[in-house]
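Colleague: Okay, handing you the structure first.
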């Protein structure tokens, strides 16, 4: 009996020592004046959070404190028929910066084709080896994208396996579903637009295509050699970030519409302004020009660096 008690204590200690990878919050904003019980969306929020947070997505062990903070905010724009929903979604994830209380936004995607079918209280089944439903494919895809970007920020090309799994999710969507639900095909809108808008096929191709390997090096350098060094040596950290931005020039010259590049600056523009507002004026002038070239949409924002 005593041995059983000891075993049980150890077992539960192990269970609490390690947790799933994600700490995801889901919010669903539904239109008013619709003939749908609001409780349906509350039930879906709970089901989606359980799906994202209760599943083991990798073979790695995460402590509770290491779980990735992320969110999915869904705006239902239309309910064409009962159980069918059209909407948009914002997918965000954060990464803690070493030796600080600061969390850096590393993923900020806008999915303008977040359409799906859902019956109240239905089971959200999923299989990595095939297609079960549009909704669970969407969630699995973004779970792997969140993981990929997080891993990528801590190790050079560390997100490869997760990006490959996200790509597999996209490839597993059958032709009839791709025809019905946009965003899975390379020809769907979203691949060649500004900001954080995402085409799911295109974004995984961007991350895995050897042609854009410099972006992955820059992404890692920005976070691990840049942000994580700011506590011990702010100047050295900014130098590494400038190196990362300079490396992105090669990508920008090759493909200025690259989705991962546009997504990066959509997430990082406010952070960059804050980082360089603390540098000397000579560095600021160089960086303003660099950022305005890399991210012309936000060029007016970057001019604030010289005024702060």
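The values are calculated or read from the model by the stated rules, or taken from the named source; none is laboratory data. Not measured: the values here are computed from a predicted model. FYI the Cβ positions are ideal-geometry reconstructions off the backbone, even for glycines, and counts take in every protein chain you see.
Colleague: Tell me the residue from 81, 77, 58, 73 that is more than 30 Å from residue 30 (Cβ to Cβ) and either assigned to a loop (DSSP other than H, G, I, E, B) or touching a strand residue (DSSP E or B) at 6+ places or on another chain (Cβ under 6 Å) (or both), please.
Modeller: Details: 81 fails: more than 30 Å from residue 30 (Cβ to Cβ); 77 fails: more than 30 Å from residue 30 (Cβ to Cβ); 73 fails: more than 30 Å from residue 30 (Cβ to Cβ).
None of the others qualify; the one that does is 58.
Colleague: Within segment 15-34, restricting attention to residues that are in contact (Cβ under 8 Å) with a residue 40 or more places away in the chain and not in a strand (DSSP E or B), which residue is nearest to residue 82 (Cα to Cα)?
Modeller: Among them, the one singled out is 34.
Colleague: From the list 157, 152, which one is on the phi > 0 side of the Ramachandran plot, in contact (Cβ under 8 Å) with a residue 12 or more places away in the chain and within 16 Å of the chain's Cα centre (by Cα)?
Modeller: 157
Colleague: Still on this structure: Here are the criteria: (1) farther than 14 Å from residue 259 by Cα; (2) not assigned by TED's automatic domain parsing to the domain that holds residue 104. Tell me which single one residue 216 does not satisfy.
Modeller: (1)
Colleague: If you don't mind, another one. Given the condition modelled with pLDDT of 95 or more, closer than 21 Å to residue 262 by Cα and part of a helix (DSSP H, G or I), answer yes or no: does some residue in segment 176-185 qualify?
Modeller: no
Colleague: Here's a follow-up. Considering only segment 222-243, I want to know if a residue exists there that is under 22 Å from residue 111 (Cβ atoms), surrounded by 22 or more Cβ atoms within 10 Å (Cβ to Cβ) and within 18 Å of the chain's Cα centre (by Cα). It would help to see each step written out before you state the result.
Modeller: Let us first name the residues in segment 222-243 that are under 22 Å from residue 111 (Cβ atoms), namely none.
The answer is no, given that none of the residues of segment 222-243 is under 22 Å from residue 111 (Cβ atoms), surrounded by 22 or more Cβ atoms within 10 Å (Cβ to Cβ) and within 18 Å of the chain's Cα centre (by Cα).
Colleague: Among the residues of segment 272-291, how many are part of a helix (DSSP H, G or I) and within 18 Å of residue 243 (Cβ to Cβ)?
Modeller: 13
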